[in-house]
Amino acid sequence: MSASLEHLLHWNVIVPWLLAMAFGIFVGATPGLTATMAVALIVPITYYIPDPNTSLAMILGVSFTAIFAGDLPATYLRIPGTPASAAATLDAHQLAKQGRGREVVYLDLICSAIGGVVSVIALILVAPQLARWGLKFTNYEYFWLAVLGLSMAAVVSLGAMSKGFLAAALGLLIATVGIDTVSGQPRFTLGRTELLEGFSFIPVMIGLFGLSEVFRNVLNPAEFTKTGSNAGRSPSAVQVWLTVWKQKFLVLRSSMLGTLVGALPGAGADIAAWASYGLAQRTSRDRARFGEGAIEGVIAPTSANNAAVGGAWIPALVFGIPGDAVTAIVLGAMIMYDIKPGPLIFEQHAARMNDLFAIALITQILLLFCGWIGVRAFASMLRLPRAVVMSGVVVFSIVGSYAIRNDIFDVWIMLAFGLIGFYLERLKVPLPPLILGLILGPMLEENLRTGLIKSGGSWAPFFTRPICLGLLSVLVLAALVPSLLQKLHKPART
Amino acid sequence: MKSLALAFCLLALLAGCGRRDQAYPSQAISIICPWAAGGGSDRLSRFMADQLQIKLGQPVVVVNKTGGSGAIGFAAGANAAPDGYTITMATFELSTMHWLGISKLTDQNFTPLIQLNGDAAALIVRKDSPVESLDDLLKEIRANPGRLKMSGTAKGAAWDLARSGFLMAAGLPVNSVVWAPAKGAAPAIVELLGGHIDAVCCSVAEALPQIESGELRVLAVMAPARLADFPQFPTCKELGIDWEAVGYRGLALPRGTPPGVVQILADACLEIARSEEFKSFMKKNGFAPAVRGPREFGEFLRQQDEQWHKVILGSTVGAASLEGNVKSHDPGPWAVPVGVGVVVLVLAALQLLGGHKERPRLSLESPVMLAAGALVIYLLLMPRLGFFAVTSVFAALVTRYLGRPWKTAVISSVLLLGAIYLLFVRLFKVPLPHGVLF
């Protein structure tokens, strides 16, 4: 291990590694360029590098930076690059509006790195056990996990609960467009091939959040010139670390939750971020501030989503089965470098695994450095006149929607959802529950129906399996805990 | 302003004289991949693009046009100009999607170029399964129809149809096995490992790590002959069930491509398929090479079309004729939309009727309608005139409208579009729409 550490910390390795990560930050922070593209592009470059560890370090480096980088446009411009960054459009964006953007992204950066470290430690210590535990989950359990995620609609509806549920239901309805994977039949496609796979997620998000924000600015030019450039003043490093220290239990709890959710083959970073946000809100003394700029609302999802990325490596390495496109590319690259992920990996490649673990850990530390530079570069772009930034947002919204699958149809979708998002917010219908419904809708429906197919139409497995019961009790507790806490805290306050 | 207009005109002129009539190929070729970046079809497309680029001396770019189980990419490929500059990655779905009513396109809309691989479906169980052989499996299904659960893909997708055809060939109704739909082979294998289903139907390559470690067992492969890399697995044919199911990939051109062009490309592709690079690429990725030239690939596509028509017809008719003794317990595709729709209506009605004191009023907000209108005009013009020409004007107008002087507007628009050109077009090879201008 020490020999491999020495080798990894050599300049020959560190420099290309850092460059690759900087590239990952840059791509992840550009709306419309995805983590998948970044990794797909770095893999052929590594073929020219003689040392396989350097190549793996570069590839893993890129894959770990993308989620953090996606939080940058979500925080500043309200354009989430990935579903996992959607939670950052809540409190992080509110805080950025209040001029605390810089502080928030540094906090985000540190929490992301800690989340990453926690998940890698879990990967090193308990990967096979966690992977086996994940196998216990099937459609019945994933159904309740989706319900649990959807119950967060109440948390993120920012006030009017009934409007929050309306928005969530709308999201669920929008998610049913396209071919139904359970029966193979198209739904609501109006005969258009473009709609067969439903609405692409990224154009819908860019429209609902990014473009609707532009519309708001067009309507109220006076207000937005007043706010001016809101990159935020630079906080001292000590200050940010102190905030993290104060919230250390929240950071750790969110990271562990993120790792657990990420380790499930049927759930990912998006649901990890929402679940952890909801849990933080439910157990906070000051729930009312959530959604309007609570620091906890930044810490919880950002720790969890990066931890989920590490967590996703657990089933990927143990079973050799990738959970998403990014993991698939990295697994493909590992095979090229003679590491065969699968049940035999810990026996056949013990030495290489140690290298891999060391790479994953050091990547988290390098993330702090690269992310810091990335934040500075991104924030300096925001110092441009607000009108220029806004026209940049419009152009990137267009290119970003188009580039997802090279189809102009998606730009029309983006425009339509921009208008929908704008008018819904005028009607005071909150958008986060809608996104939640959109993300979790397919998970909810597919698992419910596939579960019923498997059980022969019986609902019993949904209510009798042990993990289902556990998830159900979490649901009930989540509904009760806030009022209990309130009762407990009330005497103390008055 | 004048000098700027001049610059735009010059740019447009430069872009306009791009195409020349020269011997094929004289410009960049694109391969449309109907599947997402990172998947098997994408990796194969990118490998072929790199190799063709070396052979033909022109850039070859992969364009991922995904969606609709491949229908969108196939449509883009079939409707492209038949000049040899647009190649399509043809996959298994080309033979099934028109029978499933997803698309009207068939292999007849294409000129076949080359088949590259053919991965046979396999029937796979867990190591501790009581089912020891294909015979056991069939006995079990006959004894308890509707009890065994299988998975591998979504309903109507490749491996579901493969097992349907298998059951039909064995003289069993298609729903004598419950198909639990999954997003793909990977989640289905996880389900099998967890003991939630009894068998998986997918290619051997997709389950290779588990097969090698002994956690999963292959009962039979649906191949025409034993697999070169795995001669230990019996075929369905030799076990007495006359059935083959192969997921194929190949390249095709739009129908009506001149024979001379087809010949040049076919020769280049066949040369690549004979190379050592091709063999080692296929081996590393676990694809079984199955190379056929234009004519043989065309015949193969016809035969596939017929085979899958029978299976799809049989599985819908067969399911209906079973008189409900093994009926599906799926609540159906409309249960959730209808249920959620009712909830939306009730909640919306409550909002409207509920006597809120300060109910927010909805007005059209003319500046927003203006902005949206501008975007609509932009979107109508952009594909016809070209992305860079229209977007640079549009971005400058937006900045000006938001209160900045023309100078700032023009300079920032030029810089922004320059950055997008370098990033998207040069680095990431995203082909932004180019119309008559640039």
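Just a few scattered comments:
- Helix B:259-274 and the longest principal axis of the Cα set of chain B meet at an angle near 60°.
- Degrees separating the helix B:276-285 axis from the principal Cα axis of chain B, which is the longest one: 70
- Those aspartates and glutamates that a straight Cα-Cα span of less than 17 Å connects to A:K487, excepting residues fewer than 8 apart in one chain: A:D286
- FRET efficiency, 1/(1 + (r/R0)^6) with R0 35 Å, evaluated for B:L239 and B:E299 via beta carbons: 0.80
- Our helix-only sum for chain A, with -39,500 (n - 2.57) per DSSP H run of n ≥ 4 divided by its residues, gives a mean residue ellipticity at 222 nm of -24000 deg cm²/dmol.
- Pairs with C-alpha atoms separated by more than 32 Å, drawn from the list B:K65/B:K149; A:K163/B:K65; A:K454/B:K237; B:K55/B:K283, are B:K65/B:K149; A:K163/B:K65.
- Residue-averaged beta-carbon neighbours from other chains (10 angstrom radius) around B:334-346: 6
- In this Cβ point-charge picture (+1 for Lys and Arg, -1 for Asp and Glu), the protein assembly as shown has a dipole of about 3040 debye about its Cα centre.
- Gyration tensor (Cα) of segment A:15-137, equivalent ellipsoid semi-axes in angstrom: 27, 21, 13
- Under a Gaussian network description of chain B, with springs only between Cα atoms under 10 Å, the residue in B:R163, B:R295, B:R46 that fluctuates furthest is B:R295.
- Relative contact order of segment B:155-275, defined on C-alpha pairs under 8 angstrom at six or more residues apart (%): 19
- A simple charge model with +1 on the Cβ of Lys and Arg, -1 on the Cβ of Asp and Glu and nothing else charged puts the dipole of chain B at about 1840 debye relative to its Cα centre.
- Rounded if a/c under 1.5, otherwise prolate or oblate - the protein assembly as shown, Cα gyration tensor axes: rounded
- Residue by residue along B:400-408, Cβ atoms of other protein chains within 10 Å of the local Cβ number 4 on average.
- Here the mean projected area of the convex hull built on the C-alpha positions of segment B:25-164 is 10.7 nm².
- With each label modelled as a point 7 angstrom along the Cα→C-beta vector, the A:L427-A:S380 pair spans 4.5 nm.
- Three-way shape label, segment B:196-329, alpha-carbon gyration tensor, a/c 1.5: oblate
- Prolate/oblate/rounded call for segment A:398-486, Cα gyration tensor, a/c under 1.5 rounded: oblate
- Here the contact order of chain A, divided by its residue count and restricted to Cα pairs under 8 Å and six or more residues apart, works out to 28 percent.
- A simple rule links phi to the HN-Hα coupling: the Karplus curve 6.51 cos²θ - 1.76 cosθ + 1.60 with θ = phi - 60°, which for segment B:186-193 gives 4, x, 5, 5, 4, 4, 5, 4 Hz, with x for Gly and Pro.
- Whole-angstrom gap from segment A:459-485 to segment A:32-88, using each part's C-alpha centre: 36
- Spherically averaged projected area of the convex hull of Cα atoms, segment A:97-136: 4.0 nm².
- Mean Cα-pair separation over length for chain B, i.e. relative contact order, pairs under 8 Å, 6 or more apart, %: 19
- Anchor A:K97: lysines whose Cα lies under 20 Å away (excluding residues fewer than 8 positions away in-chain): A:K226, A:K428
- Förster radius 30 Å - calculated FRET efficiency between A:N354 and B:I54, Cβ distance, rounded to 0.05: 0.20
- Separation of the A:L242 and A:A479 label points, Cα + 7 Å toward Cβ, nm: 4.3
- Chain B: most fluctuating residue of B:I241, B:I114, B:I411 per GNM, C-alpha cutoff 10 Å: B:I411
- Annotation: amide H-H contacts under 5 Å for B:R217 (H modelled 1.01 Å from N, sequence separation of 5 or more, or interchain): B:V125, B:R126, B:K127.
- Peptide ranges B:420-433, A:306-319 listed from the most packed, as the mean C-beta count within 10 angstrom indicates: A:306-319, B:420-433
- Over chain A: Kirkwood hydrodynamic radius from C-alpha pairwise inverse distances, Å: 23.1
- Both numbers refer to the Cα atoms of segment A:245-305; Rg and Dmax are 11.1, 34 Å.
- Relative to the longest principal axis of the Cα atoms of chain B, the long axis of helix B:406-420 lies at roughly 30 degrees.
- For B:I87, the amide hydrogen comes within under 5 Å of the amide hydrogens of B:S30, B:I31, B:I32, counting only partners 5 or more places away or on other chains and with H modelled in the peptide plane.
- Taking a straight line from the alpha carbon of A:K248, these aspartates and glutamates sit under 14 Å away, with near neighbours fewer than eight places off in the same chain left out: A:D108, A:E296.
- Once the C-beta distance of B:N79 and B:D229 is scaled by a Förster radius of 35 Å, the resulting FRET efficiency is 0.40 to the nearest 0.05.
- All-pairs alpha carbon distance profile, chain B, 20 Å steps from 0, percent: 21, 42, 29, 8, 0
- Among B:A120, B:A395, B:A169, residue whose mean-square fluctuation peaks in a GNM of chain B (springs only between Cα atoms under 10 Å): B:A395
- A simple spin-label model places pseudo-atoms 7 Å from Cα toward Cβ; at A:Y48 and B:A23 they are separated by 3.1 nm.
No lab work stands behind these numbers, since they all come straight from the coordinates. Note that the structure is predicted; figures quoted are calculated from it, not measured. Cβ sites come from the backbone with ideal geometry, for glycine too, and all protein chains shown count toward neighbours.
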